[in-house]
Amino acid sequence: MPDSMPNVALNAAYYAALGLSSIYEKVLAGQRLSYDDGLTLYRCPDPTAIGALAHHVRVRLHGDAAFYVVNRQINYTNVCVNGCTFCAFRRDDADQPGAFCLSKADILARLEAAQQGALHLDEMHMVGGCHPGLRLSWFEDVLRSVRTAWPELPLKAFTPVEIAHFASMEGISTLEVLQRLKDAGLVMMPGGGAEIFDEVLRKEICPHKADAAAWLRISGEAHSLGLRTNCTMLYGHLESLEHRVDHLCRLREQQDKSGGFTCFIPLPFLTENSRLKLPEDRLGPQRGLDQLRTVAVARLMLDNIPHIKAYWIMMPTKLAQTALWYGADDLDGTIIEEHIGHMAGSSSAQGMTIAELEHMIRQSGFRPVRRNAVFATVDAAEEAL
Ligand code: V47
C-alpha cells in the first residue's frame, strides 16, 4: 500500500472479534469472497470495518487516484413502453404532460453548447426510454452525425434494455443491433436497466423490461464485439440483502465469462414521484450508511470489475466524498443535465465544473484523475479507443 494512503484500521484482532477473520484473511490475500461472505459483510454491525477492508482493495487497485470525466448526459426521450413502477422519469405516451423526445438537431445543439463550455468533452452519455416510434436507423444516424462533428468524442450510449427494445422493434438479433451501433461509432454502453436480477422481484418492479438473463446476455454480446460496458444495481426498494448479494454474484459470474464490465454503479432508489411506495422502516437517515456499506460490499465482492462509482447525482455529494473511503474510486462527471434522478427527487446540482469536481476529490484526500468514457486517462485516451 502506498505511504500516501495508510490504512491503520486493519487490525486482525478487531476483525476476529467481529467474526470476520476468514473474510479478513481472504481480502488481504486477494482471494475471492463467497455469496455467504457477502451476506456476512452486509450484516456486520460495524460499517467502518467493512469500509476499511474495501478501502484496502481500492488502494491496491488505484492508489490515491479518484477518477472523473468531462461528460454531457443526454436523455433523448422519456417516453417508454416498459412502465417500470419505480421510475419517475418515464411517460407512457407522448401526449402525457412532461413527455419529451429530442430531435437530432436538439442533440447536436446540446453537444455543441457543451463543447464550447467545457472546451473538450471526453464522453457523450446518451440514454432514454424505450420509445415505440424511434427506429434503429435514427440512432445510427445520430451517432454518425455526432462522430462526424466530433470524431474524437467517445460515444457511450444505450443500456442492454434499449438494445433489447431496438432488436424487438426491428425483428433482428441483439448482436446485430450492437454490431450496427458499433459500426456507427458506439464504443461504450452505460450500465442502467440491471435493476435487481432476482426474477420474482424483477417481475414486481419492472415486469415488461428485458429480464435478467437477457440483460446479462446482451452485456456479454457487447463485450464479444469489443464494446465495453458498465453495470448497476438499483437498491433500497423492496429487495432483501440476499437479492443484493445474488445480484453482485451474477455480475461477477458474467464478468468471468466476458470480461468487458468497466465500472459498477450502485444506484440508491430515490422515492419521489414514484409509484413504488416503501414501508416507513425502509426510509430515513440510516439510508446513508446503507449506501456506504453497499459501495464497500460491491468493492469487496466484485473482484474482477476494476472501478466502483459513487454517482454524485443520486447520492448527496458529501456522501459521495465519503464513499471514496469506502471502496469507490470514481465520481462520474460534469454531466451538465440529468433527468432520471432529478425527476425522482434528487436534490443534487444538474452539473459540476471541472474545478468543483477536482476540489471535491482533493478535499476528500484523493488525487483527481481525468478519464474518458472507457476509463483511459485523458492523455492516453487516443490509444485506448
Ligand atoms: O436504469 C431509475 C435507475 C438508471 C430511479 O453507466 C433510478 O456510467 C434511483 O444507469 N431512483 C439510469 N435510480 C442511470 C444509470 C447510470 C447513471 C450514471 C452513470 C451510469 C454509467 C449509469 O437509473 C436506470 C435505473 O436503474 N433509476 N429510477 C429512481 N427513482
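One residue stands out among those in the range 177-201 that are open to solvent by less than 40 Å² (accessible area, probe 1.4 Å) and acidic (D, E): the one that is farthest from L155 (Cα to Cα), which is D198. Residue by residue through the range 106-123, note down the ones that are hydrophobic (A, V, I, L, M, F, W, C) and in contact (Cβ under 8 Å) with a residue 60 or more places away in the chain. Once the filter is applied, which keeps residues that are hydrophobic (A, V, I, L, M, F, W, C) and in contact (Cβ under 8 Å) with a residue 60 or more places away in the chain, the range 106-123 yields A114, A118.
Would you confirm whether any residue within the range 298-308 is touching a residue at least 60 places away in the same chain (Cβ under 8 Å), at positive phi, touching a helix residue (DSSP H, G or I) at 6+ places or on another chain (Cβ under 7 Å) and assigned by TED's automatic domain parsing to the domain that holds R371? No, there is no match, as no residue in the range 298-308 is touching a residue at least 60 places away in the same chain (Cβ under 8 Å), at positive phi, touching a helix residue (DSSP H, G or I) at 6+ places or on another chain (Cβ under 7 Å) and assigned by TED's automatic domain parsing to the domain that holds R371.
Screening N304 against (1) more than 23 Å from M124 (Cβ to Cβ); (2) touching a Pro at 6+ places or on another chain (Cβ under 9 Å); (3) assigned to a loop (DSSP other than H, G, I, E, B) leaves a single unmet condition, (2). Could you check T229 against (1) within 12 Å of the ligand (Cβ to nearest atom); (2) open to solvent by less than 20 Å² (accessible area, probe 1.4 Å); (3) under 30 Å from E280 (Cα atoms); (4) in contact (Cβ under 8 Å) with a residue 40 or more places away in the chain and say which number it fails? Looking at each condition in turn, T229 falls short on (3).
Checking each residue in the range 288-327 for being within 13 Å of the ligand (Cβ to nearest atom) and more than 22 Å from E253 (Cβ to Cβ) picks out Q291, A310, Y311, W312, I313, M314, M315, A320. Checking the structure you have, find out if any residue of the range 318-341 is part of a helix (DSSP H, G or I), over 17 Å from the mean Cα position of the chain (by Cα) and over 21 Å from P190 (Cβ atoms). Yes. Could you say which residue among T159, T174 is within 16 Å of the ligand (Cβ to nearest atom), open to solvent by 10 Å² or more (accessible area, probe 1.4 Å), assigned by TED's automatic domain parsing to the domain that holds G129 and under 20 Å from A210 (Cα atoms)? T159 is the lone residue from the list that is within 16 Å of the ligand (Cβ to nearest atom), open to solvent by 10 Å² or more (accessible area, probe 1.4 Å), assigned by TED's automatic domain parsing to the domain that holds G129 and under 20 Å from A210 (Cα atoms).
Tell me, yes or no, whether the range 15-25 has at least one residue that is small (G, A, S) and open to solvent by less than 10 Å² (accessible area, probe 1.4 Å). Taking every residue of the range 15-25 in turn, none turns out to be small (G, A, S) and open to solvent by less than 10 Å² (accessible area, probe 1.4 Å). Of the residues making up the range 64-97, those that are part of a loop (DSSP other than H, G, I, E, B) and in contact (Cβ under 8 Å) with a residue 40 or more places away in the chain number 14.
Quick check, is L357 closer than 30 Å to R147 by Cβ and over 16 Å from the mean Cα position of the chain (by Cα)? Yes; evaluated as a whole, the condition is true for this residue.
Looking at C231, is it more than 16 Å from the chain's Cα centre (by Cα) and under 26 Å from S274 (Cβ atoms)?
Taking the combined requirement at face value, the residue does not satisfy it.
Quick one: what pairs do we get from the range 255-273, first residue over 19 Å from H237 (Cα atoms), second near the ligand (Cβ under 9 Å from one of its atoms) and among the hydrophobic types (A, V, I, L, M, F, W, C), C-beta under 6 Å, 6+ apart or different chains? From the range 255-273, the pairs are F261/C231. Within the range 310-325, being open to solvent by less than 30 Å² (accessible area, probe 1.4 Å) and either in contact (Cβ under 8 Å) with a residue 60 or more places away in the chain or over 30 Å from Y76 (Cβ atoms) (or both) holds for one residue alone: L324. Take C101 and decide whether it is open to solvent by 30 Å² or more (accessible area, probe 1.4 Å), among the hydrophobic types (A, V, I, L, M, F, W, C) and in the same structural domain as E253 (by TED's automatic domain parsing). Yes: the conditions hold for C101.
Could you tell me whether L33 is assigned to a loop (DSSP other than H, G, I, E, B), open to solvent by less than 60 Å² (accessible area, probe 1.4 Å) and under 26 Å from D246 (Cα atoms)? Give the derivation first.
Working: assigned to a loop (DSSP other than H, G, I, E, B): yes; open to solvent by less than 60 Å² (accessible area, probe 1.4 Å): yes; under 26 Å from D246 (Cα atoms): yes.
Taking the combined requirement at face value, the residue satisfies it.
The values are calculated or read from the model by the stated rules, or taken from the named source; none is laboratory data. As the structure is a prediction and not an experimental result, all values here were calculated from the model. No Cβ is skipped: glycine too gets one built from the backbone with ideal geometry, and neighbour counts run over all protein chains shown. When the accessible area is computed, the model is the full protein with side chains, heavy atoms only, and any ligands, DNA or RNA have been set aside. Shrake-Rupley method; radii C 1.70, N 1.55, O 1.52, S 1.80 Å.
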